[in-house]
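Report on the structure given below.
The values are calculated or read from the model by the stated rules, or taken from the named source; none is laboratory data. Model, not experiment: these values are computed from the prediction. So basically every Cβ, Gly included, is an ideal-geometry build from the backbone, and we count neighbours across all protein chains shown. Note: accessible area is taken over every heavy atom of the protein model, side chains too, but ligands, DNA and RNA are not part of it. Shrake-Rupley method; radii C 1.70, N 1.55, O 1.52, S 1.80 Å.
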Amino acid sequence: MGKSGSDLASRLRSAVEEAYVSEAEFVRRSYTRTPSWVQGRPPAIVVKPGSTEEVSKIVQIANETGTPVIPRGGGASVAGFPLSDRADRSILVDMTRLNRVLYLDEENMTVGAECGIILSDLADYVHRRGYHIHTVDMPQYMDTLGGALSGFNGGGEPSDLATAGEIGQYLLGLEVVLPTGDVVQTGAGPGTNIHVSRQVDRYPGSPFVTGLFIGDAGVFGIKTRAYFLISPQPRQMIYGGYECRSYEQVHKILAHLMALSPYPYSRIVSLTARGKETWSIFYGIRGSEEEVAHKQAVLHDTCLQHGALPAVTQMALETLMRFSGRQLGKWYASRGKFLYFEYLFGKSEAPAYLESQVAFVQERLKEAGLSDLVVDHVTYLIPKERHTYVLGQVYFFDENKLDPEKMEAVRNISVEESTRVLEHGGFMEANQGSLANLSASVWSPSYTGLMKTLKKALDPKNIMNPGLWRL
């Protein structure tokens, strides 16, 4: 990555091979780029460790010198990175060399992997061996395992969010380099029983510490390894969809389906897109042939009961794929900027807020003269088990038509709407950059005190992502 002469860089080269330490400006500046409207500051040094031991040595050097540390995965942050006013004096730790699958234990149905692995690579590895692992739905082709576990509620949302919950529920434990450089393994495994060689369970043997490092935005340590439950690959997976005349009709159908036991679907999402006057409900059902047939019949009867009409399967898939993880990856890479909102609300509050949100954002876009620059958009609603909804909107713009003034207007709309969500009792889905700091703005005084106590105990010199969560 280039040779340079600062004392700090020289010390880091004693911990990591010289080729993976750089102070070159073009290298440092490349790490400020994200899909977000919020551009980061270049770090002082970029380091790419290849092992947990190297990560630990880097953090120890940072502690000795009082240098901030910014962990980074795939760089898909939707809320900027890094934000600290100490960023230009920091060590950015690029984790993408830690990208190995450690093992797949078929007898105990578990898998271990390094946290710099790309999510799709891990999912493909497990799938090729006949098993299924929950990873986030998007952008799995650029997110690392550690980035998703750090940057999203519950460690990220799998495709089966509607029935499976977040991927943190399938996480058995973590290996983490703490801000002091110490290495700890959480969960029921070698960290909590020195006579055990592999991860066995989540809870036995100690308080549940793993949760502290899920969705923490990387302020409590650097995740180097993660251990998951896996399940047999389902024998069958079918897809389909229904068309609804109105959002009210969608809500009635989803509320009915969410209350059924067992769920008559594995995944389900409702959306309306640019150029559509109706709402669509898309579903996927996985399982044995008999299970799939029974669940599909229940879902079909429920949708017809509420007046929805079956959609042509091919048309349903084409509409859904328009906003798939791969397609959004293309937007990230080549088609300009986007305005992204994704929040979690309680089941009873979500329907009214989504309508309010859509009207508010569209009015702000009109006032800012941005409506005609929107080249595509989608509004969506995803149940999370029985009790909450994930609400989202994405507006895509042609970057060539956005001057600095209009880009600033989009940033202001993003902050204004995010603040409004919190004031209405919602929660951010992404625990990243500016969104993490906004979330911390509505913490109660006692909760803020708890977080400050934890941060000080684990990171006494405040070197790990300083400033995130306003800590």
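In whole angstrom, note down how far apart the Cα centers of segment 391-469 and segment 146-219 are. Segment 391-469 and segment 146-219 have Cα centres separated by 23 Å.
Work out the FRET efficiency for Glu106 and Lys366 from their Cβ-Cβ distance, taking R0 = 56 Å, and round it to the nearest 0.05. Given R0 = 56 Å and the Cβ-Cβ separation, E is 0.50. Model label sites at Val196 and His387, defined 7 Å from Cα along the beta-carbon direction, differ in position by 2.6 nm.
Maximal additional length on extending the Ala24-Phe208 stretch stands at 62.1 nm, based on 0.36 nm per residue less the C-alpha distance. Measuring nothing but protein heavy atoms, the accessible surface of the chain at 1.4 Å probe radius is 51 percent carbon and sulfur. Compared with the alpha-carbon gap, the fully stretched path from Tyr239 to Trp443 is longer by 69.4 nm at 0.36 nm per residue. Partners of Lys401 within straight-line reach, counting lysines whose Cα lies under 18 Å from its Cα and excluding those fewer than 8 residues away in the same chain: Lys337, Lys366. Using only the Cα atoms of segment 333-387, build the gyration tensor, take square roots of its eigenvalues as a ≥ b ≥ c, and label the shape rounded, prolate or oblate: rounded if a/c is under 1.5, else prolate if a/b is larger than b/c, else oblate. Note, shape of segment 333-387 comes out oblate. The residues of the chain present an accessible area of 43 Å² per residue when probed at 1.4 Å with all protein chains retained. Which shape class applies to segment 405-471: rounded if a/c is under 1.5, otherwise prolate when a/b exceeds b/c and oblate if not, where a ≥ b ≥ c are the square roots of the Cα gyration tensor eigenvalues? It is oblate, given that a/c is not under 1.5 and a/b is not larger than b/c. Solvent-accessible surface of protein heavy atoms, probed at 1.4 angstrom with all chains present, puts Val269, Val176 in the order Val269, Val176, largest first. Of Phe282, Phe427, Phe26, the residue with the largest accessible area leads and the full order is Phe26, Phe427, Phe282 (1.4 Å probe). The value for segment 170-319 of Rg(Cα) / (2.2 N^0.38 Å) is 1.47.
Against the set [x] 28; [y] 38; [z] 23, the structure's computed percent of Cα pairs over 39 Å apart falls on [z]. Accessible area per residue was computed with a 1.4 Å probe on protein heavy atoms; Arg72 scores about 30 Å².
Using the Cβ of Gly151 as centre and a radius below 13 Å, the other residues enclosed give a net charge of -4, where K and R count +1 and D and E count -1.
Sites listed here are GluC sites (Glu not before Pro) in segment 237-292 whose DSSP assignment is loop and whose Cβ has at most 11 other Cβ atoms within 10 Å: Glu277. Charge tally for Gly191 (other residues, Cβ to Cβ under 14 Å; Lys, Arg +1; Asp, Glu -1): +1.
Taking θ as phi - 60° and the Karplus parameters 6.51, -1.76 and 1.60, the scalar couplings of segment 375-388 work out to 9, 6, 7, 9, 10, 9, 9, 10, x, 10, 6, 9, 10, 9 Hz in sequence order, x denoting glycine and proline. Bridging of Lys452 to aspartates and glutamates at a Cα separation below 14 Å is possible for Asp216, once same-chain residues fewer than 8 apart are set aside.
Within a straight-line Cα-Cα reach of under 26 Å, Lys347 can be paired with the following lysines, leaving aside sequence neighbours fewer than 8 residues apart in one chain: Lys252, Lys276, Lys295, Lys384.
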